[in-house]
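Peer 1: Below is a structure I'd like to ask you about.
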Amino acid sequence: MPTLVDKPPEGSDWIHEIKYDGYRTQIVISGKKARAYTRRGLDWTKKYSRIVDAARDLGRDCHLEGEMIVQNENGRPDFNALRSDIEGGAGRRLILYAFDLLSLDGQDLRPRHCEERRALLSDLLGSPATSFPIHFSEAHDGPGSEFFAAVEKIDLEGIVSKKRNSPYRSGYTKAWLKVKTFTESEFVVLGYDTTPRGVRSLLVARERAGQLSYAGRVMVTLRGRKREAIWAQLEEHRSDRPALPELHHGKEVEWFAPGVNVRVRHLRGEETLRHATLLGLA
């Protein structure tokens, strides 16, 4: 698991890959059998049957890892489309971007250097036909800052930087680092946390198809007229606690009925808001 940092590392010891917005997945192939597992160890072989069948066609016993995605019409990962495809689309649009190879033909590759494992993975996948749904995740050898700027410019989620000589180890590591891009989104205000802990926060929700779902906390750092404008609108929407099952907060919250929407800057690709700051009214 890569460690989240504010900026990519520099120097020739690192390679940099696109961080795809999807589900981390491992495929294990043994003879004519193949299984697919989520990051938490759930067996999703049936959900990923298209990818599993393609992996079996590689004809080698191996254990590879990648990110499962669905691409939109512009070729960018679309997380909502991914969930929809898994739940109701029979996985017809799934693509696996493979980035690591843990074993091959019975040999444990985890102690080997990252670059060695990736070279073997590239050879294993070869140059597949366009329709083959398992792709090799290419790496960038140049400066990390330049690569991150390019990724941010085309609205991708971020990058993962890896030490060339790092072995594969389970758990969080600083040999793999991730840097995420920021985006701006609109949310519905549900409450204001009045707990005396320094910077106060809003509790906000996403609205999809007319339904609200709790999204997380947003730091309130605005001052002056922008802050006053938001508070003036919120005062008109005071209410009881919203009936959202995932909303578990104590008594020190002022609750509001939906009706005040705000703009928020936050890390891209996170279902629960992280590093979120209030920009103003939407």
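The values are calculated or read from the model by the stated rules, or taken from the named source; none is laboratory data. A quick note: this is a predicted structure, and the numbers were derived from the prediction, not measured. Here Cβ is always computed from backbone atoms with ideal geometry, including for glycine, and neighbour counts include all displayed protein chains. Ligands, DNA and RNA are excluded from the accessible area calculation, which covers all protein heavy atoms including side chains. Shrake-Rupley method; radii C 1.70, N 1.55, O 1.52, S 1.80 Å.
Peer 1: With a probe of 1.4 Å, find how much accessible area the range 1-54 has per residue, and write the answer as a whole number in Å².
Peer 2: The answer is 56 Å² per residue.
Peer 1: Across the range 3-73, how many lysine pairs, 8 or more positions apart or on different chains, have C-alpha atoms separated by under 30 Å? Please give the number.
Peer 2: Final tally of qualifying lysine pairs is 8.
Peer 1: Go through the range 154-236 and name the chymotrypsin sites (Phe, Trp or Tyr not before Pro) that are in a DSSP coil and have 15 or fewer other Cβ atoms within 10 Å of their Cβ.
Peer 2: 172
Peer 1: Could you point to the label whose value was computed as Rg/Rh (Cα atoms, Kirkwood Rh) for the structure here, given (i) 0.99; (ii) 1.13; (iii) 1.04?
Peer 2: Answer by label: (iii).
Peer 1: Could I ask something else about it? Express in Å², to the nearest 10, the accessible area of residue 178 obtained by rolling a 1.4 Å probe over the protein heavy atoms while all chains stay in place.
Peer 2: Counting only protein heavy atoms, the figure is 30 Å².
Peer 1: Turning to a different aspect of this structure: At 7 Å along Cα-to-Cβ for each site, give me the label-to-label distance between residue 74 and residue 13 in nm.
Peer 2: Going by the 7 Å Cα→Cβ label model, 3.6 nm.
Peer 1: For the chain, what % of the accessible area comes from carbon and sulfur atoms, probe 1.4 Å?
Peer 2: 47 percent
Peer 1: Still on this structure, I have one more. Averaging the inverse of every distinct alpha carbon separation and then flipping it gives the Kirkwood radius. What is it for the range 200-282, in angstrom units?
Peer 2: The Cα-based Kirkwood calculation yields 13.5 Å.
Peer 1: Please compute the contact order of the range 59-201 in relative form: average sequence separation of alpha-carbon pairs under 8 Å and at least six residues apart, divided by the residue count, as a percent.
Peer 2: Dividing the mean separation by the residue count of the range 59-201 yields 19 percent.
Peer 1: Which FRET efficiency value, to the nearest 0.05, do you get for residue 87 and residue 115 by plugging their Cβ-Cβ distance into 1/(1 + (r/R0)^6) with R0 = 41 Å?
Peer 2: So, using R0 = 41 Å, E works out to roughly 0.65.
Peer 1: Between the range 214-274 and the range 65-109, what is the C-alpha centre distance in whole Å?
Peer 2: About 34 Å separates the Cα centre of the range 214-274 from the one of the range 65-109.
Peer 1: Working out 0.36 nm times the residue gap between residue 263 and residue 57, then minus their Cα-Cα distance, what length gain in nm do you get to one decimal?
Peer 2: Here the segment from residue 263 to residue 57 would lengthen by 69.4 nm.
Peer 1: Let me ask something additional. Is it possible to state the helix-based mean residue ellipticity at 222 nm for the chain, with each DSSP H run of 4+ residues giving -39500 (n - 2.57), the sum divided by total residues, to the nearest 500 deg cm²/dmol? What is it?
Peer 2: Details: 5 runs with 52 residues, N = 282.
Mean residue ellipticity, 222 nm, calculated: -5500 deg cm²/dmol.
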